Every structure is written in C-alpha cells, then in structure tokens.
Amino acid sequence: MAKKNRKNKDALPEGMSRRQAKLAARAAERAALEKDPRPFAGFTAEAELVALQEFIASGYAKVDVTGADRDIYVCSILPGAGAVQVRDSEFGGDAFVALQVKGRSHNPGRDLAYALNWAKDARPGETLQSTVADGTQPELSELIDTDAELDVQIQDDFNWWVPEKADVPVEIQHAIQQANETVVITRRIEADVPGAAWFADQGGGKTYVRWVRVDDNETALLNALARIAAAGDLAFGEGTKFAGVFRTHGLIVPVWDLPEDAQPQDYVAELERVDGLISAELGNDAQLNPEERKQLENIKSRQVTIR
C-alpha cells in the first residue's frame, strides 16, 4: 500500500497537495464548460464569422490555416448540417468547415478551432459530423491570423456543395434541390461603416437589413440608438422601419424592415448617415430624457438573444 501511495503522490503536480490538485482539476473542468461571452473577439473578421454562423444562408470564405497543406474554407452550412467536408483528391482535396452545424457546443470559437484543426490533417473524402470541441484543439488565434479579413462569397444556391463533374449521390441531389428552393437571398451592403451590414430578401415581402456592430460598450450603443430613435432619425427613409436589435455572440445587431422592392445599394447612404449619428452619441454620458428612456425600453423589450 505504501508503494502505491508513493506513486500517487509522485503523480501530483509539483507543489500541490492531493486536495489542491483535485480543486485545480475541477476548476479546469468548469473553465472548459464556461461560455465565451464574445467568441470571435479580437478578430478583424469577427462580424463576418458571426454573420456566417447566424444568418447568411449560403456562402463561404477561404481562410489561411496554420500548418495546412490544402485550401480550407469556412462556410455557412453543409449537407445534413455536418461540420467538415473534405473533397476527394481528384477534385482538389479542399476542405469546407461549416459554422451552422447540428452538433456543436456553446463555445463556437473553440468549436471552429477544433474543426479547422481536424480539417487540416483529414484525408481526402473524409467528413466530420460534430464540431464540438473536446479540449485537444489549439486556440483559434493559433490557427488563423487575427488580423486577416474574410472575403465572404455569397451564393444564391447550394450548388457549390459538390464540385463540377462530380458523381453526386441521389440523396445529395435532393438535399441541394430542397435547399435551393428555400435559400434566402443575401447581399453585403458595401457601406463605410464598422462591422458588416447585410441585406436579405426572404421572399413573401420580407426584406430587411441586419447590421453586425462590433462595439465594445453595449450600453453606450443602445443609449445612442435610443437617442436617435427619439429624434426620429433612426429609420432608413420612406417605407422602412427600425425593427429593433438582437444580441448574438456578445454583439448587438440592429435590424431594419424594408419595402418589398428594396435593393442593397439603396441603403448605403442611410447606413453611413446613421453610423455618423451613432458615433456622435457614443460619447454622450448625459442622462436620457423621458422620451429617450421610453425608446430604450422599447428597444430592450423587443430584443432577442441568439446564443
């Protein structure tokens, strides 16, 4: 028995008692389960990663992954909401890593790191269904450059799921056809504003703008929106309406409803105008007046949190 105890003691971390080692292990387990409040913070492409994961229907972007000998793309979704798909060697062996997946944890940044790390070493033709991080993955910042921009290639269908001239199984053909019938047409609005603004035509007269803001001070942003709304300057013009905001991945996303015949380029100037008003108000520390407080409560009462 003494020999066994001595081995256990020798296995303990240096300078720790058995109790301290147990407490440290439990703390590490809790840390692994904690949710990252802003999983893509610090990345230049934060707004694009959030958009790909939450509301871009069909699109992809090439990423340079440290240590990868193949081209790797992050994308919105893959057939069956799988995590990673590596093409056969005859079609280049490229890997596609999805952000909208069926099997995931509440830490999308870690999940993405896990999937990218798996993709760079996977064999051609392999697939990964679950992207749930298991703790073996490096930090996301060790795999992709935090300063790298993400050039998202928006698609109006899902035909890119398979390479040209590939022999496509019947079930995948059906999946592509069904997906194409329900795809939401999305366009980036090329406005000079922080974050990224996206136009979407959902069909049936539902057209809107979602603006992924990357502000560090959520309270200041909501107060600024309330002040602008109280002044009657928050709409984008005739037939538009500020619909509210939703919160996702630690970011605030203002949303506007648009007329049915709206086009993305119609709202470049309006986005830049509202951004100017927001910038002017972000440093305003004065108390909100009654009408501004009413607008703030209205915004808060309608906001939705997505993850």
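None of the figures in this text is laboratory data; all of them are computed from the coordinates on show. Given the structure is predicted, the values throughout are model-derived calculations rather than measurements. Methodologically, a virtual Cβ is constructed for each residue, glycine included, from the backbone with ideal geometry; neighbour enumeration extends over all protein chains shown.
When the chain is fully extended, how far beyond the present Cα-Cα distance does Val304 get from Asn217, taking 0.36 nm per residue of separation?
Working: separation 87, 0.36 × 87 = 31.32 nm, distance 1.80 nm.
My answer for the length gained is 29.5 nm.
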Rough spin-label spacing in nm, given labels placed 7 Å along Cα→Cβ, for Arg38 and Glu164: 4.3
Cα-Cα P(r), the stretch 26-136, percent of pairs per 5 Å interval: 2, 13, 22, 25, 20, 11, 5, 2, 0, 0
Farthest toward positive dipole pole in the stretch 30-86 [+1 Lys/Arg, -1 Asp/Glu at C-beta], among Val84, Thr66, Phe43: Val84
Label zone at Val268, where the point sits 7 Å out along the Cα-to-Cβ direction: the stretch 171-209 residues whose backbone N lies under 13 Å: 188-193
Theoretical gain in end-to-end length, Asn284 to Phe91 [0.36 nm per residue, Cα-Cα removed]: 63.9 nm
Most fluctuating residue given options Asn289, Asn159, Asn107, as computed from a GNM of the chain linking Cα atoms under 10 Å: Asn289
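Using a ≥ b ≥ c from the Cα gyration tensor of the stretch 99-158 (square roots of the eigenvalues), is it rounded, prolate or oblate, where a/c under 1.5 gives rounded and otherwise the larger of a/b and b/c decides, a/b for prolate?
Details: a/c = 1.41, a/b = 1.12, b/c = 1.26.
Rounded, because the longest to shortest axis ratio a/c is under 1.5.
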For the chain, size of Cβ-based charge dipole, Lys and Arg +1, Asp and Glu -1, in debye: 2480
Cβ-placed point charges (K, R +1; D, E -1), dipole of the stretch 187-306 about Cα centre in debye, nearest 20: 480
The chain, relative contact order in percent, only Cα pairs under 8 angstrom and at least six apart counted: 15
Centroid-to-centroid separation of the stretch 196-240 and the stretch 43-77 [C-alpha atoms, Å]: 24
Sum of -39500 (n - 2.57) over DSSP H runs of 4+, divided by residues of the chain (222 nm, nearest 500): -10500 deg cm²/dmol
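If packing is taken as the mean number of other Cβ atoms within 10 Å per residue, what is the order of 298-305, 215-222, 83-90, highest first? Show your work: numbers first, answer last.
Details: 298-305: 12.6, 215-222: 14.1, 83-90: 18.9.
In decreasing order of mean packing, 298-305, 215-222, 83-90 become 83-90, 215-222, 298-305.
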Charge dipole magnitude, Cβ of K and R +1, D and E -1 - the stretch 46-182, Cα centre, debye nearest 20: 440
Distance (nanometres) between label positions extended 7 Å along Cα→Cβ at Asp192 and Ser105: 4.2
Options [x] 28, 49, 20, 3, 0; [y] 34, 59, 7; [z] 34, 54, 12, 0 - which one matches P(r) over Cα pairs in 20 Å bins from 0, in percent as calculated here: [x]
Contact order normalised by residue count of the stretch 149-304, Cα under 8 Å, 6+ apart, percent: 22
Count, lysine Cα pairs under 29 Å in the chain, 8 or more residues apart or across chains: 21
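I'd like the FRET efficiency for Asp151 and Gln129, computed as 1/(1 + (r/R0)^6) with the beta carbon distance as r and R0 of 30 Å, rounded to 0.05.
The calculated FRET efficiency here is 0.65.
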Solution diffusion estimate, µm²/s, Stokes-Einstein, the stretch 187-306, Kirkwood Rh from C-alpha pairs, 20 °C, viscosity 1.002 mPa s: 148
